[in-house]
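Everything on this sheet refers to the single structure shown next.
A short reminder: the numbers here are calculations on the coordinates, not readings from a lab. Note that this is a predicted model, so its numbers are computed, not measured. Because the Cβ atoms are built from the backbone with ideal geometry, glycine has one as well, and the counts that use them run over all protein chains shown.
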């Protein structure tokens, strides 16, 4: 009979701290031809339906030529959120809408790199470039 030995327990990493700000998705018309969607917080299985709804709302705006999705304040991007972005990319391409992502943080860029999807999106580090001449914000939100 083989003697049994007890293996010491492995310490688990501490859970991620809760963020002060909630996850949000806002849609705003910017200029005559552009729509800006700003995502904040965590984009995961729980928040992905709201993100998907915001992306669909932005794509449904009449006469939109440029859809800018600002991910610069996203703390975590899960596969469910990435799936919503890919679906929006495909819908935008079918409607001849130029989809541009603003992302400069590791949570977003790492997932795009690991999945090989970085090259399939037009990426920018800040809002100035993708909005271009559409850079002035109107007072109305959608």
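Starting from 0.36 nm per residue, how many nanometres of slack lie between residue 125 and residue 79 once their C-alpha separation is accounted for?
Details: separation 46, 0.36 × 46 = 16.56 nm, distance 2.15 nm.
Difference between extended and current length: 14.4 nm.
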Multiply the residue separation of residue 61 and residue 93 by 0.36 nm, subtract the distance between their alpha-carbon atoms, and state the gained length in nm to one decimal.
10.0 nm
Enclosed volume per residue, in Å³, of the convex hull spanned by Cα atoms of region 24-127:
79
By per-residue mean of other Cβ atoms within 10 Å, what is the highest-first order of 28-37, 95-104, 115-124?
28-37, 95-104, 115-124
Relative contact order for region 24-127, counting Cα pairs under 8 Å that sit 6 or more residues apart, in percent
26
